[in-house]
1. Using a 7 Å offset from the Cα along the Cα-to-Cβ direction at both B:Arg409 and A:Asp253, what is the distance between the two label points in nm, to one decimal?
2. Sort shortest first the distances from A:Thr88 to its counterpart in every other copy, using label points 7 Å along the Cα-to-beta-carbon line, and give them in nm.
3. Can you give me the angle between helix B:274-286 and the longest principal axis of chain B, using Cα atoms only, in degrees from 0 to 90, rounded to the nearest 10?
4. For A:Asn358 and A:Lys337, FRET efficiency with R0 = 22 Å and r from the beta-carbon atoms, rounded to 0.05?
5. Based on the Cβ-Cβ distance from B:Ser347 to B:Lys84, what FRET efficiency comes out when R0 is 35 Å, to the nearest 0.05?
6. Looking at B:His70, A:Gly191, A:Ile282, which one has the Cα that reaches farthest to the positive end of the dipole of the protein assembly as shown (charges on Cβ: Lys, Arg +1; Asp, Glu -1)?
7. Can you divide the C-alpha Rg of the protein assembly as shown by 2.2 N^0.38 Å and report the result to two decimal places?
8. Quick one: order A:Ser181, B:Ser58 by neighbouring beta-carbon count within 10 Å, fewest to most.
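Only the coordinates and a few stated rules stand behind these numbers; no lab work does. What you see is a predicted model; the values in this text were computed from it and never measured. All Cβ positions, glycine included, derive from the backbone under ideal geometry; neighbour counts span all protein chains shown.
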There are 2 protein chains.
Amino acid sequence: MAQHNAFYAQSGGVTAVINASACGVIEACRKHSDQIGKVYAGHNGIIGALTEDLIDVSQESDEAIAALRHTPAGAFGSCRYKLKDIETHRAQYERLIEVFKAHDIRYFFYNGGGDSADTCLKVSQLSEKMGYPLTAIHVPKTVDNDLPITDNSPGFGSVAKYIATSTLEASLDIASMSATSTKVFVLEVMGRHAGWIAAAGGLAGQGEGDPPHLVIFPEVHFDREAVMARVQESVQEYGYCVIVVSEGARYEDGTFLADSGNTDAFGHRQLGGVAPTLAGMIKQDLGYKYHWAVADYLQRAARHLASRTDVEQAYAVGEKAVELALDGQNAQMPAIKRTSEDPYAWSVEPAPLAEVANQEKFMPRHFIREDGFGITEECRRYLSPLIQGEDFPPFDNGLPRVARLAKHRVERKLPEFKI
Amino acid sequence: MAQHNAFYAQSGGVTAVINASACGVIEACRKHSDQIGKVYAGHNGIIGALTEDLIDVSQESDEAIAALRHTPAGAFGSCRYKLKDIETHRAQYERLIEVFKAHDIRYFFYNGGGDSADTCLKVSQLSEKMGYPLTAIHVPKTVDNDLPITDNSPGFGSVAKYIATSTLEASLDIASMSATSTKVFVLEVMGRHAGWIAAAGGLAGQGEGDPPHLVIFPEVHFDREAVMARVQESVQEYGYCVIVVSEGARYEDGTFLADSGNTDAFGHRQLGGVAPTLAGMIKQDLGYKYHWAVADYLQRAARHLASRTDVEQAYAVGEKAVELALDGQNAQMPAIKRTSEDPYAWSVEPAPLAEVANQEKFMPRHFIREDGFGITEECRRYLSPLIQGEDFPPFDNGLPRVARLAKHRVERKLPEFKI
């Protein structure tokens, strides 16, 4: 089999384990050096391909690549940039082909979420629609856990472990203070449309009455009166109240609790500030002393508390992507399949990208308790395996050690291209 | 030597390692069972003593006590409650004596910060001013690191490690996203009057230009123009800007950047919301896309990322407190002494409580860079040893294991007392 080069890039919001997938892709490519020559990483995702801004990964040491496994965020730079349709924006695709031709790239690995799956799907059509022989594989990643088909999305398990642990730890804090001080604690978590991360907060409560006393999902319309009644009940019964609230919490008419009014590059509303909004309501309606936290990027960057299951799955989908590509399976995504619930077991199976792109997987209603304020046992059985195991990074001088890449740029062969 | 009982209680804001001090006190008491009979823990601090709400620690298993070492927050409940002067509020002190007499308590261990040191000092005067033979020892604890005499305060090292790690991890995230998305990240940290925790964020930056690009201290007057200039410079030079801002950041006239208008039981202003305030200013003045996080209780409850140095010191001051008490040294606080800088070494030495109570230790000006936006090498040399070493708790089912205490209440012998 002839040897050609591979392109790998990271897209969308990064996670604690997206670099573990990079590590899986790169190490698998190195193992198949008879078929894959060099790995070129796109600097800042697909933008790196369009602008011919390529990092020569072959110049990184094995140690540096291995260190990606315990380094959070996107080591090669990510992007929020969605390709338009081939039909209307042919020039972009022609440029991609020029770049791929110039660098003999025949394998395309795109590591991202739903929007990125769409980009990868469009790139995968280069072969069929424009006659360039390319195999494109999407490597799944999203803290939001909203990709379809795959049982769960790499990146989610670690955020879930972080939020469950933080909820547990902070709840002990409030419980200590509640006699004379803070009565209500509100933790705001990510999850624009799907309450998966909020649900993970629910894992902290393991017995009747355990905090969190309320989980507020985007899937359940926010009813101020019902929430306040539950908060008051909790303070009266337990002395305090812990709330995990999704950034996507919204009223029945679809208005978000806290809408900052900004939009991101994909046109999504940029949210934030639900926790102070909700805490303010509680102060106003019930008068309780409160504290609130907004974990924001801390939750998705917290590699120090990654789930070992998540790290292993992130690595495995990267590795599998290369195997699928070498098998000539274009437009696929390695998906995680739960092969057994107890004991938990999983495998990685290919899924057609066309069925993945632009789909969001919401929390099923039976994962949310009937009162709307917590998770069901079925949800717990689904979530719990995903946070199992620890995979602490090595520490130097008190801080996590992270990969230091040389990031040698590949010499440009083409004229500049404005995106 | 006759055998008498001991009282232990936790006070003020809790930390990731205050229970490690409890563990140190209780295990040391158990070792000296010839002199110390039972340990009674005050439920919710000194309030437990006043209301005769005592937990019989002698009924807890050795395993449960050992587990306190890796359990965050205050296992016996804390309080924000400051005793008034003996002269004006004699009844309270007479009540304390009644309770201590009823339960044969001759040793008093109070685990807290500056305000609690004041309470402990007042209790220590029972012996001299009211003739009750009591030895009172203050066990230091505060995430704010603002206790005088002691080289550092137990609780601070773990918060420092958490903030330094979180800053490092989140910075990698922003760096990944900055090409097409978030340009500025603001992390709000605790520290009402002293910038020690903010300074710890500075540890994340280990080389020239490394994030955080700005640390905003309460000790340096907030100058909007200067801050914006530095943010712009950072975005232009590095592509992004990471800011660690203290909740105590304030203008030259003393107004806090974000003043919620609430006060706690000690009369301190309750702060919060500096991060969104500052992020909003940046959006308004420079137009950059931002994200912000408020770590709040997460930072001081994060036992999963405790500093081993901190855990060991927290345990050691608890242990030493018992030794000092048995040595008859009333009104003392075991303080940490730095005996060597490199390699770092420390010992625990007694300090007179009268010199500790109601004093706040601020960051020395030479710990803050001349431009006011970062830490100096001298500050780094001081801080770095405090975050050294990890002491991960055991995990069960993906979550940290925490102590489960039986908390048997001691039978009340006295009439009710209203506080």
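1. 4.9
2. For A:Thr88, the inter-copy label distances come out at 7.3 nm.
3. With rounding to tens, the tilt is 10 degrees.
4. Approximately 0.50, to the nearest 0.05.
5. Computed FRET efficiency for B:Ser347 and B:Lys84: 0.50.
6. In the protein assembly as shown, that residue is A:Ile282.
7. Normalised Cα radius of gyration, the protein assembly as shown: 0.98.
8. Exposure proxy ranking, most exposed first: B:Ser58, A:Ser181.
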